[in-house]
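The next block holds one structure in the form of structure tokens; read it before the comments.
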Amino acid sequence: MRPLPLLAVALLAPACHGPALGGRPYDLSAHAPPPGGGPPAGTPEDDAVRAFGESVEALRAAWATARTADPETGLATGRDLRTPAMEALRARTLTPEFPASLAAGVPLATVEAAAYERHPGLAAARLTVQSRVEQFAQVAHLETLLEQYASFVRDARLGIGMALPGDRLDFHFPAPGTLELKAAVVRHAVAEARAGLAKEVGEVLRDARIAHARLVDLEASERILADVPGLLEQVAESAHGRLAAGTGSKTAVLQAQVEVSKVRTDLVTLRREQEVTRARLRALMDLGPDVGLGPAGPSPLPPRPPALGNLLAEARAVQPDLLRLQARVDRMTAMIALAERTTYPGPSPNLGEMRGLGTATGGSDRERDPLAPKPKVWTDPWLGAKDAWIAESRTALRAAQARLEAARNHTRLQVESAVAARDTAQRVHELYRDVHLAQAQQAYEDAAAAYRAARGGFLEVLDALRRLLAFRLESEHAQAEVRAAHARLVEAVGTDLGS
């Protein structure tokens, strides 16, 4: 920046000393850039000032857009929540009549949409993202005006009061890159908060899917157990008939009654577990305990996931935890660059440069002489502490990079484990569906027919019925495990794999 002409200094001096000299405080708005975007084109210094002002305005405009943008835009949440159907469902979950509508049933899509829109933890995470966006106001507020004022006072040499320290002006204005570095720090903080939001969304949706799968399993198990007392009563009637005819035993009748009582007790336990699961769903959807939830209804199994190699590549690119740690590394890098810019001198100490007297250290005339044998350069009494802090920050940055690499390894392990668990659950389900259920059903029918024809004992019938009941329940549990393992795999990868 050029030193101000003597006439300009004389004209500006009264205004700069406020009421004591000019009768009014200094008006910073007098030096604000015009609406057209900065000073008119002229010297290279003017062009530099105008370019700096334009960069500030560009950053402000970008941040104004970020303040009004949806914080979930572009998030890898493990579920496509932007389809027209899901958008309409999300809007319906915020209406006053939504809680009453759940009495008719709670499909999986409704649970996902309600948990996404209403969960208090997600609301807190969204506000965290917004608070990071608001940090830009602290970065750019009065940045240009304050730096212009500081540079003017140091370079004007008004000759009134104590001499100002001879700080080099290129550390104060326009400080090329300083504002951009500050904005980069905030931008990476916003990216970190958005990744944290995506991580919480993935966890909430995972819990919602697992709870819904558990409710589907419990309802199916209840339907299976509800049919068992009728079958046992048929067997008990046969036992009564044989006992009346003198060919049976009283033990068989008692065993049938015991089995009926046991199944009815299991039904009560299942209904209690359903209430607990419904309470978990109400908590995920932020609903009161008096809101009644209808049946979950049948739910199709999710599709098979892609190959493991594709899943690992996708997880490395979009997994929220990795994005969060990467944003933290980027933020620390920008902070260290900003600290270095404001702490260390530039590449040249400018010892041979003839600047205004404002660049000399205050004191006697000899000390202020720019041609003195030992020219004064910018010094900082806290340079040692700042240098130590920067060194410490570099070490912390290396630690953050190591944590990021460890998180990549952990993500790879999670994806591989989730794929193995999902394949195992799918294989068990198909085994029960295609082999065990048909065999157990046939064994029970053969044992019941043999008992009715007096060719077999009651214990064979009871064992066959128990085996059939256990296989049917295990088949439903296997389907629930498929859904739960798929939900964990979606969370581990961080992208939508279908549901």
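The values are calculated or read from the model by the stated rules, or taken from the named source; none is laboratory data. Please read these numbers as outputs of a predicted model, since none were measured by experiment. All Cβ positions, even for glycine, are placed from backbone atoms using ideal geometry, and neighbour counts span all protein chains on display. Keep in mind that these areas ignore ligands, DNA and RNA; they rest on the heavy atoms of the full protein, side chains included. Shrake-Rupley method; radii C 1.70, N 1.55, O 1.52, S 1.80 Å.
Working from label points 7 Å from Cα in the Cα-to-Cβ sense, the residue 449 to residue 103 distance is 4.9 nm.
Normalised size of the stretch 251-331, defined as Cα radius of gyration per 2.2 N^0.38 Å with N residues, equals 2.01. Remark: spin-label model distance residue 407-residue 385 equals 3.2 nm, labels positioned 7 Å along the Cα→Cβ axis. Extension gain, residue 251-residue 286: 0.36 nm per intervening residue step, less the Cα-Cα distance, totals 7.3 nm. A simple packing score, the average count of other Cβ atoms within 10 Å per residue, orders the peptides 411-423, 290-302, 470-482 as 470-482, 411-423, 290-302, with the highest score first. Rolling a 1.4 Å probe over the protein chains gives residue 199 an accessible area of about 70 Å². Remark: the residue 441-residue 135 segment gains 103.5 nm on full extension, using 0.36 nm per residue and subtracting the alpha carbon distance. Computed from the C-beta positions of residue 424 and residue 313 and an R0 of 22 Å, the FRET efficiency is 0.45 to the nearest 0.05. Each label was represented as a point 7 Å from its Cα along the Cα-to-Cβ direction; for residue 222 and residue 88 these points are 3.0 nm apart. Across q = 0.11 Å⁻¹, the stretch 414-499 modelled as identical point scatterers on its alpha-carbon atoms has Debye log10 I(q)/I(0) values of -0.44, in the order of the q list. Placing a label point 7 Å from the Cα of residue 304 along the Cα-to-Cβ direction, the residues of the stretch 406-425 whose backbone N falls under 13 Å of that point are 423-424.
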